[in-house]
Structures are given as C-alpha cells and as structure tokens.
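Have a look at the structure below, then the notes.
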C-alpha cells in the first residue's frame, strides 16, 4: 500500500513538474491551516483557524498588487479541507510555491515565543517532531483516513520520512523561501526568529514545488497571542510574508515569453571553465564534479561585473547522480556540489547575466520550473543583487 501511494505521488509530481513550464505568471498557493471542524490551537479568544485565514487573505491582497503574481487559496472561508487536498490544489494549479500558514501553541512553556518556518525533511529534534505531530493530527478528523494516508500514524510523524522523495527535489529552493520569510519577520515585524527548521509535515511532502509551513508565533504566550490576534499584528505578519515571497520571486522567476528559448542559447554561450564555489561560510568538505561536454567557448562574453559568474541551480537531492544529459532532461555541462548531505546540481556557468537568464529559461523549458540563478565572486556565493551592482 505504501509503495503504491508513493508511485501515485511520483506520478502527480511528474505531471505537475512537466506542465509548469512556460509559466507567464508566478503562481502562489496560500494555505490557511485548519478550518471548519478543525479549530487548530485555541487559547481563550485566540483561535488558530481564524487568525491564519485572516493573515492569508491579507497576504493574498498584498501579493496581487504585483501584476506578475497570481494567488490561489486552498480556502477563503471557514471550511474544512483535507490535508492531502491542500497540496493537490497546489499541484493542479501548477504553482511556483506553496505556503501553509499556522500558529503555534505549547502546554508547558507559556513563555515560548517567536516565528519559525519549516520545510519538509528529516528531523530527530523532539521540538520539531512535536510541531509536526500537532499539525499532522488533523488527518484523524477525515473519514477513512487510514486508507487515504497509507496507514500513516499521526502520533509518529517520523514514519512519514519514507515519503519525502518529491520534496527532496526542492530542498534548496524551500530553504531560500523559508529564510527570506524569517528574515522579513525579524526585520519588518521585529519578531523573535526561531529559525528555519525541518520536519515531517504531511501537508508539504507531496507538493511538486518549493513549499514551506509557517508558524506565526505562540498563542499559548498571552502577550504574543494578543499580538497575533490583533489587526495590527496580522497586518505586520502578512506584510512580512508577502514581501518575502516577492523577494523570492525576484530571485528565481523569469516569465517565459517564447517557445523557442533554447535556440537563443548556443554552444558558444557556454563557459570556458567551471569555478568551484564556496557555498556557505562554514568550512566544509566540498566535492564538485563536471560533466563532459564538447561546448565551444571561443566567443567572448559581455562581462556583467568583473569576477562574477552566474549558474542555474536546477535541483538539490540526497541522490548522487551521474552528470550525463540523460539524467537532466537533456541538459549538458552540469556541475554538482556535495554539501551538508545534499547534492546540488547546476546548469550553465557564465559571466554574462543575459546569457544566464537565457540558460534559466532553457532549464525551465526542460521541466526545471523551480530553477533559479545563483552568483559567485571569488569562489563565494553572493546575492544576484550584489552581483549586478556596478
């Protein structure tokens, strides 16, 4: 039964992943957690299902001001939506990101406070597993949930780890989005930052796009609960989330305006040499491989900024794959970095930003619709904005 469930999920992933190419708009699916008979956390007058709906609707209104952004809600009213249906909505809509919004609460720590954003992943941390257990418990309110969720036990969220295959493809992008959300919470709303974390959340595991689950704060903390429940607090939190999504969209999204982008990226646009990056500040062992290629790099490029190079990050996975075009939808000149138990795969390195954007569109047309540009200078990763400064 579990294997069958995984095959079905993989089939949904392949269908959604291939049909997200040629996107004209950046589609965001906002998922207000809980709803209807599922109240979520309740502390006095603080009711999670109402708070997160209000915040999600506010986020949506702010995002709609950007003409390139299309917003879809899993619910816009106080109704009960099955957990599996929430990500199925995102997959059917061929969304670029899925954002599930929640509020936290604990029984024995009334002083606990702060925001945290989760991505799908393995975790042995007791606190992370407890959050996942609370959020996953909602499936027990669904009819015949044992059959629908392949015998999954909500009291043991770690049993979900076997179903993380799809989200493994989007680890790097999900971390990027989650980090931007936490940064905005800190800078825009001045909330305590509890960090980006991993946990086995059912609502995230089958999403065929970068996905995060946000905890706005603790309703069990009277002061923070009052803030989250207030109109001013909801507005600040919504603005932070919306700004973070816009930040992420600016970094990764290039609308596809032509069906023949690949023809504009010739072999002469490819780099002469692959430069090994230093991805993080911490000193770690990095192993990089380069696929063989017959690319002619004799044509000089228009250098955007001295010493800066651009790459297209197409996927991050726990799997070590051979760097042959057959493993990357026909893309060649693939490089990989092994770091923090993940293999990060890149397509096309160039010092010309225009060439990099064309390469990004090629990758998206090949099915890597969540691919994004990264920049390096002197072997160190820098922001795209910094790379483009004159």
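Rule-based calculations on the coordinates, nothing more; no lab input. All figures in this text were calculated on a predicted structure; none of them were measured in a lab. Note: ideal-geometry Cβ built from the backbone for every residue, glycine included; neighbour counts use all protein chains shown.
Report, to two decimal places, the Cα Rg of region 177-240 normalised by 2.2 N^0.38 Å (N = number of residues).
With N residues counted in region 177-240, Rg over 2.2 N^0.38 Å equals 1.20.
Quickly rank 106-112, 37-43 as a protection proxy: mean count of other C-beta atoms within 10 Å, highest first.
37-43, 106-112
Hey, how many Å between the Cα centroid of region 83-104 and the Cα centroid of region 24-77?
11 Å
If each of residue 383 and residue 235 carries a label point 7 Å out from its Cα toward its Cβ, how far apart are those two points in nm?
With each label placed 7 Å out from Cα toward Cβ, I get 2.6 nm.
Please give the length that would be gained between residue 77 and residue 226 if that part of the chain were fully extended, namely 0.36 nm times their separation in residues minus their C-alpha to C-alpha distance (nm, one decimal).
The residue 77-residue 226 span can extend by a further 51.4 nm.
FRET efficiency for residue 45 and residue 67, Cβ-Cβ distance as r, R0 = 41 Å, nearest 0.05?
0.60
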